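Visitor: Have a look at this one before I ask anything.
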Amino acid sequence: QVQLVESGGGLVQAGGSLRLSCVASGRTFINYAGGWFRQAPGKEREFVTAISRSGGRTYYADSVKGRFTISRDIAKNTLYLQMNGLKPEDTALYYCAAGSAAWDMVRERSHEYDYWGQGTQVTVSS
């Protein structure tokens with residue numbers, strides 16, 4: 001069992017920035033791919049970005065390319081999401097996730113992840 005705890009959400013104006021953190025406990029992130037998803041009210045959970053277990057590979061949804069950056073610090077068991085140029089449509093509950101990875105792959109499908117955080121709210125005003 002892995003516990004994931006997100007932090008760093010808040011209320012910002014359009015064009016602003018936020019940095020989300022996800023700290024893992026119980027196990028380390030070694031051999032786990034990581035990812036971020038988000039869910040707005042009345043909508044399905046959607047993929048945002050993913051990172052391989054080594055941190056060497058990343059993948060982004062088209063809606064956030066050029067604005068968001070995913071990274072990880074394996075020694076600190078922490079996953080990060082740097083969000084710049086925020087837009088009102090980015091408003092959602094953001095979840096971090098971890099999934100076992102036999103090799104240095106990225107995962108973009110929700111059902112491929114084994115562990116989820118409780119979510120942190122990001123609200124962007126116009």
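Visitor: For the stretch 13-18, just list the computed ³J(HN,Hα) in residue order, Karplus coefficients 6.51, -1.76 and 1.60, θ = phi - 60°, integers in Hz, with x standing in for Gly and Pro.
Guide: Ordered by residue, 3J(HN,Hα) equals 7, 3, x, x, 10, 9 Hz.
Visitor: How would you rank 32-38, 9-15, highest first, on the average number of other Cβ atoms within 10 Å across their residues?
Guide: Values: 32-38: 25.9, 9-15: 13.4.
Order by mean packing, descending: 32-38, 9-15.
Visitor: Another one. Per the 1.4 Å probe, what fraction of the accessible area of the stretch 1-67, in percent, lies on carbon and sulfur atoms?
Guide: Values: 1670 of 3530 Å².
Carbon with sulfur: 47 percent of the solvent-accessible area.
Visitor: Taking only protein heavy atoms and a 1.4 Å probe, what accessible area per residue, in Å², does the chain have with all protein chains in place? Don't jump to the answer; show the numbers that get you there.
Guide: Details: 6240 Å² over 126 residues.
For the chain, the solvent-accessible area averages 50 Å² per residue.
Visitor: How fast does the stretch 60-126 diffuse by Stokes-Einstein, in µm²/s, taking the Kirkwood radius from C-alpha pairs at 20 °C and 1.002 mPa s?
Guide: 157
Visitor: Then there is this: Cross-link candidates for LYS87: which lysines have Cα within less than 28 Å, leaving aside residues fewer than 8 places away along the same chain?
Guide: LYS87 reaches LYS43, LYS65.
The values are calculated or read from the model by the stated rules, or taken from the named source; none is laboratory data. Because the structure is predicted, anything quoted here is derived from the model rather than measured. All Cβ positions, even for glycine, are placed from backbone atoms using ideal geometry, and neighbour counts span all protein chains on display. These accessible areas exclude ligands, DNA and RNA; they are computed on the full protein's heavy atoms, side chains included. Shrake-Rupley method; radii C 1.70, N 1.55, O 1.52, S 1.80 Å.
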